[in-house]
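Working notes for the structure below.
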Amino acid sequence: MPIRYTFVSDQQGTKIVNSAMKRIFFIILVMLISCAAFAQAPYQKSWVVVLDAGHGGKDPGAVGKRSHEKDIALNIVLKTGEYIQKHFKDVEIVYTRSTDRFVELYRRAEIANQANADLFISVHCNANSRTSPNGTEVFVMGLNKTEANLQVAIKENNSVLLEDDHTENYDGIDPNSSEAYITFSLYTNMHLDLSLLMAQKTMEAFNTHVKRADRGIKQAPFFVLYKTTMPSILIETAFISNYEDETYLMSAEGQNSMAYSIYKAFVEYRNSVDGSNYQPMQMGNASQSTGSSSSSGTSASAEDIVFKVQFASFKEIFSADDPRFSGMTDVHYVKDGSYFKYMCGTNASYSKAKEELTKAQSNGYKDAFLVAYQNGKRISVSEARRISGQ
Ligand SMILES: [Zn+2]
């Protein structure tokens, strides 16, 4: 039956109104369909990933016949960061250290928590008093299921003995006392499922690209993991105490393959969490992973590179002439989530930037560290040094 309106009495008028109604109905239908399509699109968010190179500075970590754990862990972590940053513009990498310096275990968790990180990845090398054990283990935080797992955690937790106030920062737990770890029975891993997912993706990538022995995914009570408030894993890449493993760990190819595997695991982890469908890039050339060559085919020039000192993170904005910044040059901030990261001492010279770092540290910002930018884009300090030949 035709719809009749009081102000339209003839048949032609009714047709015009009907056609207008159909058009409106069609537009509403299109809007509803596009809304539904939008709702089904994967939820995209920016990510913060914390990469934690084990040990550093006065703490060499495990010592092999030819290498130190701290150096291998740092190389792998920096290369992992390069892979992730090359692929993703919306992932911020936070390094707990990007140079050879000592960082307390509790501080590493604190850095991740303050950055509101989505994922925490700690990289280490295993060691044993015997030379035969070899291969890769990936840990998530948890109670010690076996004595062997506990021994790995005790070895890593021993770093706190080099810290000034270690009894205050780890709930009074003596890292060498097996009994003391009973304290962790009160601990609940809020992110166990996602931590295990990342651990699994990492081990799968290692099995494809690294091909060391797969010693499994395990749980143990690591100090560096237990105060993080996000999914977190600790990778024991291989045994520095085993000749073949150490040779692999020291090689540019080995470090590159490990870094690539961690990056690839992150891509797949992100796909699972976000519902996205990113494809990992191809593995890069191992010769570019050593950080020592300045002729690796990059077109960037030294003029594009600046170093800065990142010295604090506040929730508020302070002006550059605030007393808390006295004596510091070029103070500015970069907004990051709900925080403002404060930086100073912008300099093209690496050695001058290091002087600025010392100044910031003696000004009370003892956790200050160097960062680097290329054309305004954050890159790793090692990459910046390589490109600028410093
Ligand atoms: Zn370690």
Would you mind calculating the gained length between Thr167 and His209 on full extension (0.36 nm times residue separation, minus the Cα-Cα distance), in nm to one decimal? 11.1 nm
How much length would be gained if the chain were fully extended between Phe102 and Ser129, taking 0.36 nm per residue of separation minus their Cα-Cα distance, in nm to one decimal? 7.3 nm
Tell me which residues come under 5 Å, amide H to amide H, from Phe239 once H is placed; ignore anything under 5 positions away on its chain. Asn126, Gly135
Local net charge near Tyr187, Cβ-Cβ under 12 Å (Lys/Arg +1, Asp/Glu -1): 0
Distant alpha-carbon pairs in the stretch 47-289 (separation over 24 angstrom), percent: 39
Ordering Val331, Val50 from largest to smallest accessible area (1.4 angstrom probe), what's the sequence? Val331, Val50
What pairs in Lys218/Lys341; Lys65/Lys359; Lys70/Lys264; Lys86/Lys354; Lys79/Lys155; Lys218/Lys377 have C-alpha atoms more than 32 Å from each other? Lys218/Lys341; Lys65/Lys359; Lys218/Lys377
Enumerate the calculated ³J(HN,Hα) couplings along the stretch 196-210 in order (Karplus 6.51 cos²θ - 1.76 cosθ + 1.60, θ = phi - 60°), each rounded to whole Hz, writing x wherever the residue is Gly or Pro. 5, 4, 5, 4, 5, 4, 5, 5, 4, 5, 4, 5, 7, 10, 9
Per residue, how much accessible area does the stretch 47-289 show when a 1.4 Å probe rolls over the protein heavy atoms, in square angstrom? 38
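The values are calculated or read from the model by the stated rules, or taken from the named source; none is laboratory data. Every value quoted in this text rests on a predicted model; they were computed, and no experiment measured them. When we count neighbours, we look across all protein chains shown, and the Cβ atoms used for this are built from the backbone with ideal geometry, even at glycine. Surface areas here come from the heavy atoms of the whole protein model, side chains and all, with no ligands, DNA or RNA. Shrake-Rupley method; radii C 1.70, N 1.55, O 1.52, S 1.80 Å.
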